[in-house]
Each structure stands twice: as C-alpha cells, then as structure tokens.
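The block underneath contains the structure these notes are about, expressed in structure tokens.
What follows is calculated from the coordinates using simple rules that are stated; it is not laboratory data. Here the structure is a predicted model, which is why all the values come from computation and not from measurement. Here the Cβ positions follow ideal geometry from the backbone for every residue, glycine too, while neighbour counts run over all protein chains shown.
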Amino acid sequence: MSITVNLKEDQSVQVTDQVIETKPPARVAFAAEGVITMTRDVLEEFAGSSLRPVEIEMAIGESETVNIDLSKEASLRLDTVDIGVESPDTNDLSPGMDTIPSSSDDNSDVNNTHPGAIAFTVEGVIRDTPEEVRKPITDASPRLEAITFAAKNALRSDGGSGTDIILEVSLLGYGISIHRNGVIDIGTGSDVTDVGLP
C-alpha cells in the first residue's frame with residue numbers, strides 16, 4: 001500500500017518555508033519548515049505501520065514537475081528533525097519538548113475534535129540523484145509538491161546501536177520514531193518523551 005501526501009492540496013500539512021538546491025557530485029539538499037495538524041484518529045490509522053518514503057515530487061514551474069524515485073539508486077538522508085507542539089487552545093508553538101505537558105489524562109474525544117499542531121523543521125539530502133532530475137532542478141526554483149510513502153507493518157529492531165533513529169517521541173499515546181533514512185515507525189506505547197497535545 002502507498003500513501004501520497006500532496007503538500008499543496010492537503011489542508012493538514014502546511015509548508016511555510018523551504019530551500020532546495022543541487023550539490024555536487026549527485027546530491028539534492030533541502031530544508032523545510034511547516035506545520036502538521038495532528039489528531040488521535042490519524043495516528044490510530046497508521047498504528048503499527050512503518051512508512052518509507054519512496055518518491056518525492058518537486059514543482060519546477062507553473063505546470064512542470066520532476067520525480068525522484070527513492071526506491072532505486074537515489075536515497076534520502078535526514079540530517080536534523082526538530083518539532084514543537086501547539087495545543088488547540090494556544091496560538092504559540094512551544095519552543096521545545098521540555099515545556100510540553102503530558103496528555104495521559106486528556107479526553108480522547110476532545111483531541112479528535114480539536115486538533116493541535118506540530119511545527120517541524122527538517123533538513124537533509126537526497127544522494128545519488130539521477131542527472132536527468134538534477135539538471136532541471138539546478139536551473140529552476142524547485143518546490144516540494146508531494147511525498148509518497150510505502151506503508152507496511154512495522155518490523156521490530158534487534159536492539160542495535162540506535163544511531164539510525166534521529167527523533168523518538170510519544171504523541172497522544174503513540175510512539176513515533178523517525179529514522180535517518182526517512183522511515184517513520186508508528187507504534188502503540190512508548191517510554192520516550194511524551195509530547196501530547198493538551
């Protein structure tokens with residue numbers, strides 16, 4: 001199963017700022033900031049799933065786009081992922097996870113009806129990008145248009161060093177792990193920092 005998030009049309013995702021540029025020898029570097037509206041229903045739908053990015057679509061003109069296939073030679077590497085949480089009753093995003101209260105005593109119906117938001121900043125690079133994709137991006141001002149994920153049942157790790165995970169949080173009772181290769185694992189129950197929406 002695959003899921004495509006259209007950043008231009010999806011009202012739950014707003015990208016407020018982004019920079020995309022080519023870097024030698026075959027890389028596309030990017031940085032993006034934005035806000036995602038999040039509810040318990042959304043997390044419940046993907047609980048127990050692993051979402052792997054398989055394609056990124058970029059607009060390079062009014063009606064022209066280019067696609068980068070991440071299931072072939074090109075590969076995604078995230079350098080940093082930062083998040084902040086906004087509750088339904090406030091206008092300001094929290095500056096960090098340390099100031100965010102737990103949602104363990106919250107009413108789930110309230111969370112479903114009145115969603116909060118996650119502000120995010122993501123920086124990374126797409127390596128081994130084919131030349132036919134890099135060339136039109138170099139000569140344009142590309143913008144992220146859509147991201148397609150392959151969804152499958154999450155596989156449990158054997159422990160390992162854990163260095164592949166760059167962000168691990170618990171949100172509304174669901175554990176979310178973001179790996180350096182862009183994979184997002186969503187599970188139930190977690191011992192990591194809770195950034196629930198009050």
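Computed 3J(HN,Hα) for region 2-7, one whole-Hz value per residue from the Karplus formula 6.51 cos²θ - 1.76 cosθ + 1.60 where θ = phi - 60°, is 10, 10, 10, 9, 8, 5, glycine and proline marked x. Label-to-label distance for residue 6 and residue 123 is 3.2 nm, based on points extended 7 Å past Cα in the beta-carbon direction. Between residue 188 and residue 132, the simple label model (points 7 Å from Cα in the Cβ direction) yields a spacing of 4.6 nm. Maximal additional length on extending the residue 82-residue 44 stretch stands at 11.4 nm, based on 0.36 nm per residue less the C-alpha distance. Scalar couplings 3J(HN,Hα) for region 26-39, obtained by applying the Karplus form with A = 6.51, B = -1.76, C = 1.60 to θ = phi - 60°, are 8, 10, 10, 8, 8, 9, 9, 10, x, 9, 10, 7, 10, 10 Hz; x denotes Gly and Pro.
Distance between the pseudo-spin-label points of residue 181 and residue 164 (7 Å out from Cα toward the beta carbon): 0.5 nm.
When peptides 128-141, 31-44 are ranked by their average number of other Cβ atoms within 10 Å per residue, the highest-first order is 31-44, 128-141. Once the Cβ-Cβ distance of residue 72 and residue 29 is raised to the sixth power relative to R0 = 22 Å, the FRET efficiency obtained is 0.65.
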